[in-house]
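Written out below as structure tokens is the structure these notes cover.
The values are calculated or read from the model by the stated rules, or taken from the named source; none is laboratory data. It should be emphasised that the depicted structure is a prediction, and the values quoted were computed from it without experimental measurement. We place every Cβ from the backbone using ideal geometry, glycine too, and count neighbours over all the protein chains shown. Only protein heavy atoms, including side chains, enter the accessible area calculation; ligands, DNA and RNA are left aside. Shrake-Rupley method; radii C 1.70, N 1.55, O 1.52, S 1.80 Å.
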Amino acid sequence: MAYLVPSEFVTKMVDAGESKIYMATRDALIRAYMAGAILALAAVFAVSVSVATGVPLIGAILFPVGFCMLYLMGFDLLTGVFVLTPLALIDKRPGVTVGRILKHWGVVFVGNFLGALTVACLMAYMFTFGFNTDGGKIAQTVAQIGEKRTIGYAAYGAAGMLTLFIRGMLCNWMVSMGVVGAMISTTVGGKVVAMWMPIMLFFFMAFEHSVVNMFLFPFGLMMGGHFTLMDYLIWNELPTVLGNLVGGLAFTGLTLYSTHVRTAAKRSFQAH
């Protein structure tokens, strides 16, 4: 499990952020679509395991298989580009501007959403035999998750909104650690182990991940969840996106960059 020291892998983070800005829109969209779809499959897999075993921890332990697969394939999540692309701007990489970063974020958001929505439609059809049954316990569970994590927050007003934002921050602190984890080793095994740990933590703690939610909530609505599309957007997706941006950039991107790339001068001591 060859390990890269922080000064090496943080430079790789900046390089990755720059390369994403220069990526063709077509490629960014394809990679984002596949990332959203694979993460959605992992989410329904984890929920299925949790329902079948009655032990949510087992679902959380297994959920990272999707994250590992999509990053090993070179696909992109919105939560990852939130952390990497601003570093290229801060590092003054040529051609990297705020406008180009925002455009890339928009493309990745759309791709992730379309991929997750595709899987939501496929799963809804599959679990209900073409919408001829109620979908069973898994569908009921996802519908309840949708209600709890929309109108459940709304019931607490501003405090609920802040709780949602904080859960989004904490989520991308961990998820971005997984993104970085893919860069700290030159072996597949090393990358997988480094990605697995923070992703397992965020999923078990029920932190809010904008891309996972792009699957869970549309699927929950299709399965008869008692919440609306506007409930999902206002009381989950949009605050989660903002929390993911702030948490990933503040807790992971900026801290690693500031101490491992823009390292402060060492202290000097006068000999006595």
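So what's the Cα pair-distance distribution over the range 1-101, bin width 10 Å, in %? Per 10 Å bin, starting at zero, the Cα-Cα P(r) for the range 1-101 comes out as 15, 34, 30, 17, 4, 0 percent.
Of ALA116, ALA158, ALA143, the residue with the greatest mean-square motion in the GNM of the chain, using alpha carbon springs below 10 Å, is ALA158.
The H on the amide N of SER185, modeled in the peptide plane, is under 5 Å from the matching H of LEU4, each at least 5 residues off or on a different chain. Under the rule that an exposed site lies in a DSSP loop and has at most 11 other Cβ atoms within 10 Å, name the longest stretch of the chain with no trypsin sites (Lys or Arg not before Pro) of that kind, not counting the sites themselves. Result, exposed sites excluded: 93-261.
Can you tell me the length gained on complete extension of the stretch LYS137 to ILE166, counting 0.36 nm per residue apart and subtracting the Cα distance? Please list the in-between numbers first.
Numbers: separation 29, 0.36 × 29 = 10.44 nm, distance 2.97 nm.
Length gained between LYS137 and ILE166: 7.5 nm.
Computed extension gain for LEU57 through PHE129, at 0.36 nm per residue and net of the alpha carbon distance, reaches 23.0 nm.
Loop by DSSP (not H, G, I, E, B), at most 12 other beta-carbon atoms within 10 Å: where is the longest site-free stretch of the chain for chymotrypsin sites (Phe, Trp or Tyr not before Pro)? Longest site-free region, per DSSP loop and neighbour criteria: 1-128. Using the 1.4 Å probe convention, the accessible area of the chain works out to 47 Å² per residue with neighbouring protein chains retained.
Rounded to the nearest percent, how much of the accessible area of the range 6-260 (1.4 Å probe, protein heavy atoms only) is carbon and sulfur?
Details: 7910 of 10680 Å².
Ligands and nucleic acids excluded, carbon and sulfur reach 74 percent.
Stretching the chain fully between LEU229 and SER268 yields a gain of 8.1 nm (0.36 nm per residue, less the alpha carbon separation).
For the range 41-60 and the range 216-272, write down the distance between their C-alpha centroids in whole Å. What the calculation gives is 24 Å, centre to centre. Choose one of HIS260, TRP173, MET123: the residue whose Cα lies farthest towards the positive end of the charge dipole of the chain (beta-carbon charges +1 Lys, Arg; -1 Asp, Glu; about the Cα centre). About the Cα centre, the residue reaching furthest to the positive side is HIS260. Computed about its Cα centre, the charge dipole of the chain is approximately 640 debye, with only Lys, Arg, Asp and Glu carrying charge at their Cβ. Shown in residue order for the range 155-171 are the 3J(HN,Hα) couplings computed by the Karplus curve 6.51 cos²θ - 1.76 cosθ + 1.60 at θ = phi - 60°: 4, 9, x, 4, 5, x, 5, 5, 4, 4, 4, 5, 4, x, 4, 4, 4 Hz (x for Gly and Pro). What is the helix-to-structure angle for 25-53, meaning the angle in degrees between its Cα long axis and the longest Cα principal axis of the chain, kept from 0 to 90 and rounded to the nearest 10? It is inclined by approximately 60 degrees. Kirkwood hydrodynamic radius computed over the chain comes to 19.1 Å, based on all pairs of distinct alpha carbons.
Return the calculated 222 nm mean residue ellipticity for the chain, to the nearest 500 deg cm²/dmol, obtained by summing -39500 (n - 2.57) across DSSP H runs with n ≥ 4 and dividing by the residue count. Display every interim value, and only then the final one.
Numbers: 14 runs with 199 residues, N = 272.
It lands at -23500 deg cm²/dmol.
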